[in-house]
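Engineer: Sending over a structure as structure tokens; questions will come in a sec.
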Amino acid sequence: MDALDCALLRFIRDYTAANGYPPDIRAMEYKVGRVRSIIHYHLGRLESDGLMTRKRYTARTWRLTPAGEREVEEGRGNGKHNDTMD
């Protein structure tokens, strides 16, 4: 997991706690300063690593799994995917 993955997990957790629903892609773009395609790429990686889930074809359904919550709480990566697309 790289810094952008951690930032996305943290933002989704905090935004959901504050608003009662997950952020949309535009809010994620604005918060982490990356374009939509990079956000989608990282979200897909987080989902495939079991750190997040979503309901396909439905907006604002990103949820952290218990493993994703632990990653945010511990503030560390899991050693996977240390490459970045930027």
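Engineer: Among 13, 56, 34, determine the one that fluctuates most according to a GNM of the chain built with springs between C-alpha atoms less than 10 Å apart.
Structural biologist: Looking only at 13, 56, 34, the largest GNM fluctuation is found for 56.
Engineer: Direction-averaged shadow area of the convex hull around the Cα atoms of the chain, nm²?
Structural biologist: 5.1
Engineer: Turning to a different aspect of this structure: Using helices alone, I'd like the mean residue ellipticity at 222 nm for the chain: each DSSP H run of four-plus residues gives -39500 (n - 2.57), total over residue count, nearest 500.
Structural biologist: My calculation for the chain gives -17000 deg cm²/dmol from helical runs alone.
Engineer: Same structure again: Most mobile of 26, 45, 63 per a Gaussian network model of the chain (Cα springs, under 10 Å)?
Structural biologist: Answer for the Gaussian network model of the chain: 26.
None of the figures in this text is laboratory data; all of them are computed from the coordinates on show. Quick caveat: nothing in here was measured; it's all calculated off a predicted structure.
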